[in-house]
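The numbers here are math on the coordinates, done by the rules we state, and not lab data. This structure is a prediction, so every number in the text was calculated from the model and none was measured. Using ideal geometry, Cβ is built from the backbone for each residue, glycine included, and neighbour counts are taken over all protein chains shown.
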Amino acid sequence: MTAILFVCLGNICRSPTAEAVFRARAAGAGLDIEIDSAGTGAWHTGQSPDSRAMEAGQMRGYDFTSQSARAVESLDFARFTHIFAMDAENLAHLESMKPKGYSGHLGLFTDFGRAQDKGQDVPDPYYGGPHGFEIVLDMIERASDGLIAALKA
Ligand code: 4NP
């Protein structure tokens, strides 16, 4: 079974948004997929997503209930068939943790977005203004649609 983990730095802004968006869109597409998110850092362990991320996402109809931050761990490579980083720094961290035998897909989430998104970082919105959360949502919605199309192909 397909199991997807979204990873950012704090697991309170970008990867919880990816989890909420992808969960909604995968269900809408009739895909039965295990979905989770985690952070490369552990500072926010146990916390709910950032209130700014939740407010921006809830305005678009996404559900963040039951999300709680955690750090990525080596066992995640045994559990998830796909691990998607939100930016190049998160990806480098995951590459350094990756067990030799991992046969799943580890890469940038934006590689499934439209041409303008491929290879780009989902920008860290934590210290930015509210507009940053809209950019995060836009990029994540496009990448989610691209990933769903790829999984259905
Ligand atoms: P995220 O955003 O990686 O999208 O969850 C951040 C959250 C917290 C911090 C940095 C980025 N922080 O430095 O605490």
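Key figures for this structure:
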item: Intensity falloff of the chain expressed as log10 I(q)/I(0), Debye formula with alpha-carbon point scatterers, at q = 0.11, 0.14, 0.17, 0.20 Å⁻¹; result: -0.36, -0.60, -0.91, -1.32
item: Sparsely packed chymotrypsin sites (Phe, Trp or Tyr not before Pro) within the range 64-147, loop by DSSP, other Cβ within 10 Å at most 11; result: Tyr127
item: Nonlocal amide H pairs with Ala71, under 5 Å, H built at 1.01 Å; result: Gly39
item: Options Gln116, Gly146, Asn90, ranked by Cα towards positive dipole end of the chain, top entry (Cβ charges); result: Gly146
item: Helical segments meeting 27 Å axial Cα length and Kyte-Doolittle 0.5 threshold in the chain (DSSP H); result: 131-152
item: Pairs of Cα atoms farther than 16 Å apart, the range 1-79, %; result: 47 percent
